[in-house]
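J.: Structure in structure tokens, see below.
Every number here is computed from the coordinates shown, using simple stated rules; none is lab data. Not measured: the values here are computed from a predicted model. So basically every Cβ, Gly included, is an ideal-geometry build from the backbone, and we count neighbours across all protein chains shown.
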Amino acid sequence: MKFFIDSADIAEIRDLADTGLVDGVTTNPSLVAKSGRDFLTVLAEICAAVSGPVSAEVTATECDAMLVEARRLSAVAPNVAIKVPLTWDGLKACRALSQGGIKVNVTLCFSPAQAILAAKAGASFVSPFVGRLDDIGHDGMGLIRDIVAIYRNYRDAFRTEVLVASIRHPLHVIDAAKIGADVCTVPPSVMRQLSKHVLTDKGLDAFLADWKTTGQSIAT
Ligand code: E4P
């Protein structure tokens, strides 16, 4: 499974990228607004910090205007992936961009039918939002299960990777991995939670306390 960081906070992204465990980044207009920074500047910095795809979302709603924005965003760095919403205009833009060799992430996916359209449009990634579905009492992970099963039926025709988005906690990541989703885009706080276990901390404290009683040093 690949890990993307869902953030436009360059300090957080650099810090997590240093672990060598980050395969890409996703941003969205809300995350850019939260960063309080110029979009193209922050996008360039993120693209330099990670070698994998960095999703940058268009804000136009009509296909031709999306394509104009996509060209501007793509010019920032070779690892920019263009994010378009799951609308008919977004799907048309996805098809045009994909045919031109540009990676596209079709976002705001909330149903298997939408995911089928994204794959038909040649998307490199489809982003189903599990947390937002859970928030309204729907089965977010059930959507991931359905999309992965459907794409497996058309392995040769559908090359779209399932990018699990709107992740709220480590259990979402574990469940997505059990299903076999390709990518999880994880907020920095959840990424940090993934390594945590109370017994790891407790066990390490005990090992170090016992080691101290030996008076030995490995390095010297
Ligand atoms: C995905 O690419 C989106 O940026 C993101 O996962 C949305 O998550 P949210 O529901 O926490 O805003």
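J.: Have a look at Ala65, Ala70, Ala60 and point out the one that is within 23 Å of Val162 (Cβ to Cβ), more than 14 Å from the ligand (Cβ to nearest atom) and more than 17 Å from the chain's Cα centre (by Cα).
T.: After ruling out the rest, the residue left standing is Ala70.
J.: Failed condition for Leu91, given (1) within 16 Å of the ligand (Cβ to nearest atom); (2) touching a residue at least 24 places away in the same chain (Cβ under 8 Å), with all others met?
T.: For Leu91, the exception is condition (1).
J.: Cβ-Cβ distance below 6 Å, separation of 6 or more or different chains: which pairs start in segment 181-200 with a residue that is closer than 30 Å to Ile150 by Cβ and free of Cβ contacts under 8 Å to residues at least 40 places away in the same chain and end on one that is within 13 Å of the ligand (Cβ to nearest atom) and of a type in the set (A, V, I, L, M)?
T.: Within 6 Å, the pairs are Val190/Ile167.
J.: Please go through segment 116-167 and pick out each residue that is small (Gly, Ala, Ser) and in contact (Cβ under 8 Å) with a residue 40 or more places away in the chain.
T.: Residues satisfying the conditions are Ala118, Ala119, Ser124, Ser127, Gly131, Ala165.
J.: On to the next question. Output the residues belonging to segment 94-115 that are at positive phi and touching a residue at least 12 places away in the same chain (Cβ under 8 Å).
T.: Scanning segment 94-115 gives a single hit, Leu108.
J.: Then there's this: Working only within segment 56-68, note down all residues that are part of a strand (DSSP E or B) and over 12 Å from Pro85 (Cβ atoms).
T.: If the condition is that a residue be part of a strand (DSSP E or B) and over 12 Å from Pro85 (Cβ atoms), then Ala56 is the only one that fits.
J.: Which of the residues that make up segment 107-120 are outside any helix (DSSP H, G or I) and farther than 15 Å from Glu57 by Cβ?
T.: Hits for segment 107-120 are Phe110, Ser111.
J.: Does Gly203 meet the test of being without any contact (Cβ under 8 Å) to a residue 60 or more places away in the chain, within 15 Å of the ligand (Cβ to nearest atom) and part of a helix (DSSP H, G or I)?
T.: No.
J.: Then there's this: Taking segment 153-167 only, how many residues are more than 14 Å from Met1 (Cα to Cα) and buried (at least 16 other Cβ atoms within 10 Å of the Cβ)?
T.: 4
Matching residues to (1) assigned to a strand (DSSP E or B); (2) more than 24 Å from Gly90 (Cβ to Cβ); (3) within 15 Å of the ligand (Cβ to nearest atom); (4) not hydrophobic (A, V, I, L, M, F, W, C):
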site	(1), (2), (3), (4)
Gly122	no, no, no, yes
Pro128	yes, no, yes, yes
Arg159	no, no, no, yes
Ala176	no, no, yes, no
Arg192	no, yes, no, yes
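J.: Identify, by number, the condition in (1) within 16 Å of the ligand (Cβ to nearest atom); (2) assigned to a helix (DSSP H, G or I) that Ile167 doesn't meet.
T.: (2)
J.: Find the residue count for segment 15-39, including only residues that are away from the ligand (no atom under 16 Å from the Cβ), part of a helix (DSSP H, G or I) and exposed (fewer than 13 other Cβ atoms within 10 Å of the Cβ).
T.: 0
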